[in-house]
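Asks: Please read through the structure below; I'll follow up with questions.
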Amino acid sequence: MMENREGKIILSLTGRDHREIENQLLSMKELDFDVVEWRADFYYHPDTFSLIRRICPEKELLFTVRSREEGGLFQGSDGELEKMLLQASLEGKAELVDLELLGFYGRNREMLETLKKNGTRVILSFHDFHSTPSEERIQELFRSMREAGADIGKIAVMPRRKEDVETLAESALRAGAELGLEIIAISMGELGKKTRTDLSLTGSTMTFGALGTGSAPGQVEAGELARLLKGRISGSGSSSGPGC
C-alpha cells in the first residue's frame, strides 16, 4: 500500500460477537480508509484474525486491547493479555499493536521489544478522557514514548476550552520535530474535532474515523472524514481507495 501524504484513516471494529464484527467489516467495503483497528477488548476470538484478512486483505491491522482502567472493556489478567498480543503479532500478523504507556506497558516493558522483534510496529498511547495536561506534561509523555522505543506515540485528551486544543497541537508539532517520533495527537470531543480532520495542526500521521457510533468522543463519520482530509475525495484520489 502506498503511503498517504495526508495521513492514514483508521476504522475501529467494536463488535461484541463474530457476526457483528463480520457485519462491520462488510460495511467497511465501500469506505475509503487504510487501517482496521480491532478493539479486541470488546470481543476476542483467534478466528477473527482470518475473518479480517479475508474481508479486508489489503488493509493494515491495528490490534488494541484496553482495560477498564484504560477506558476499555478488558477484565482479564496481564498473562491473558500477553497471550493475545503474541497471538496478534505471530499468528494474526498484525502490522500494529497499541499498548497503553501507563497501563500494561508500564508493568510489562519487555513486551514492546518482543513485538518489535516479531515485525510488529508498536504504538505507545496515553489517554485522558477528562482534561488536557500541560504542555510540559505532554512533552514528557512523548519523550517517554520515544525513549521506550515506540514506533508511534499517541496522545488523546479531552479539551475544556479552545486553548486546550492549541496546547495539544503545539506540543505535538514540537515533539514531532524535536524527537523524530511519528505521532498521533487527538483532542477529543466537539472542541477538538479539527485535530481529527486537519492533521497539519498536530503533525499526526493517522486519524480515527467512526463506523457507526465510533469508539471515542468526537470521531467523524468515515465517509465525511475521507472527504474532509485534504486530497481525499471519496471514490477518487485516495492512496488505497474505497473497499476492503
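Asks: Before we move on, is Lys83 touching a Cys at 6+ places or on another chain (Cβ under 9 Å), at pLDDT 95 or above and either of a type in the set (D, E, K, R) or crowded, with 18+ Cβ neighbours inside 10 Å (or both)? So that I can check it myself, show each step before the final result.
Replies: Details: touching a Cys at 6+ places or on another chain (Cβ under 9 Å): no; at pLDDT 95 or above: yes; either of a type in the set (D, E, K, R) or crowded, with 18+ Cβ neighbours inside 10 Å (or both): yes.
Answer is no for this residue.
Asks: So which residues in the range 74-112 are in a helix (DSSP H, G or I) and aliphatic (A, V, I, L, M), if there are any at all?
Replies: Leu81, Met84, Leu85, Leu86, Ala88, Leu90, Met111, Leu112, listed by residue number.
Let's see how each residue does on (1) in contact with a Gly (Cβ under 7 Å, 6 or more places away or on another chain); (2) under 16 Å from Leu61 (Cβ atoms):
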residue	(1), (2)
Thr132	no, no
Phe142	yes, no
Ile152	no, yes
Arg161	no, no
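Asks: Of everything in the range 26-57, what is in a helix (DSSP H, G or I) and either surrounded by fewer than 18 Cβ atoms within 10 Å (Cβ to Cβ) or under 17 Å from the mean Cα position of the chain (by Cα) (or both)? Give them in sequence order.
Replies: Leu26, Ser27, Met28, Asp47, Ser50, Leu51, Ile52, Arg53, Arg54, Ile55
Asks: Okay, moving on. I'd like the full set of residues that are part of a helix (DSSP H, G or I) and surrounded by fewer than 20 Cβ atoms within 10 Å (Cβ to Cβ), limited to the range 113-139.
Replies: Glu113, Thr114, Lys116, Lys117, Glu135, Glu136, Arg137, Gln139
Asks: Among the residues of the range 111-161, what is the count of those that are acidic (Asp, Glu) and touching a helix residue (DSSP H, G or I) at 6+ places or on another chain (Cβ under 7 Å)?
Replies: Adding up the residues that qualify gives 1.
Asks: Kindly indicate whether Leu191 is in a loop (DSSP other than H, G, I, E, B) and not small (Gly, Ala, Ser).
Replies: Here the answer is yes, as Leu191 does meet what is asked.
Asks: Still on this model: Would you please list the contacts, defined by Cβ atoms under 7 Å and residues six or more apart or on different chains, that run from a residue in the range 158-178 that is surrounded by fewer than 17 Cβ atoms within 10 Å (Cβ to Cβ) to a residue that is among the charged types (D, E, K, R) and part of a helix (DSSP H, G or I)?
Replies: Hits for this filter: Glu170/Glu135.
The values are calculated or read from the model by the stated rules, or taken from the named source; none is laboratory data. On a predicted model such as this, the values are computed, not experimentally measured, just so you know. Don't worry about glycine lacking a Cβ; one is built from the backbone with ideal geometry, like all the others, and counts go over all protein chains shown.
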